[in-house]
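Read through the structure below, which is laid out as structure tokens, and then see the notes.
Every read-out reported here was derived from the displayed coordinates using simple, explicitly stated rules and does not represent laboratory data. Keep in mind the model is a prediction, meaning the values are calculated, not measured. A quick note on method: Cβ atoms are made from the backbone with ideal geometry, for glycine too, and the neighbour counts reach across all protein chains shown.
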Amino acid sequence: MLQQLAINNAKDYPDSKNDANMMFMCSLFVELTELGGSIPEQLQSIVSDSMKNGDLVSAIPKRKGRPEDWQTSYEICESLLTMIVDSKEELSLNKHIDKLAKTLNKESTTIYKIIKRHGNIFAFLYLDWSSGKKITEKVKNTVETVFMSKEDKEFQDNKDFATSNPS
């Protein structure tokens, strides 16, 4: 499934050449490498050419301003996840964030910025860490809907489908 996704995107890449697509192609390359699958020649060529031409370095997003410390951000994301999962009442995400911000003596906007900057990384780390453990569907869905971007959620779904259906 990932190989077919790589082939299709590699064919369309010249028409939609931009930094975001470059990073997506590189992530496909990394995933296929980690899974031990064969990497389509088109994808190899795109990644190789971008490295030779220096396009890959310019495609990497640059941080502006002083980012929140990674460990603190991870702990805040984990606290929010725990709060949502353990909540006895059905609160909106905004209410959970307001409650967490008050508990941590931070502004709600700070929590939103942390989720935006570090949510995807937290989600993938959390899901990778919990892959050997049994987590409830509620926890998995919460991680995917609160912390992952729409594009990464689709990618994770395709990856899960491909790894569970090898043929």
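The stretch between ASN158 and ASN141, if pulled fully straight at 0.36 nm per residue, gains 4.6 nm over its current Cα-Cα span. Computed extension length for LYS52-THR109: 16.5 nm, one decimal, from 0.36 nm per residue of separation with the Cα-Cα distance subtracted.
Taken along the Cα-to-beta-carbon direction at a fixed 7 Å, the label points for LYS134 and ILE121 span 3.3 nm.
Backbone geometry of segment 110-115 corresponds, through the Karplus equation with coefficients 6.51, -1.76 and 1.60 at θ = phi - 60°, to 3J(HN,Hα) couplings of 5, 5, 4, 5, 4, 4 Hz, x marking Gly and Pro.
For segment 144-151, putting each phi into the Karplus relation 6.51 cos²θ - 1.76 cosθ + 1.60 with θ = phi - 60° gives couplings of 5, 7, 7, 9, 8, 6, 4, 5 Hz, in residue order, rounded to whole numbers and with x for Gly and Pro. Label-to-label distance for LYS102 and ILE7 is 5.6 nm, based on points extended 7 Å past Cα in the beta-carbon direction.
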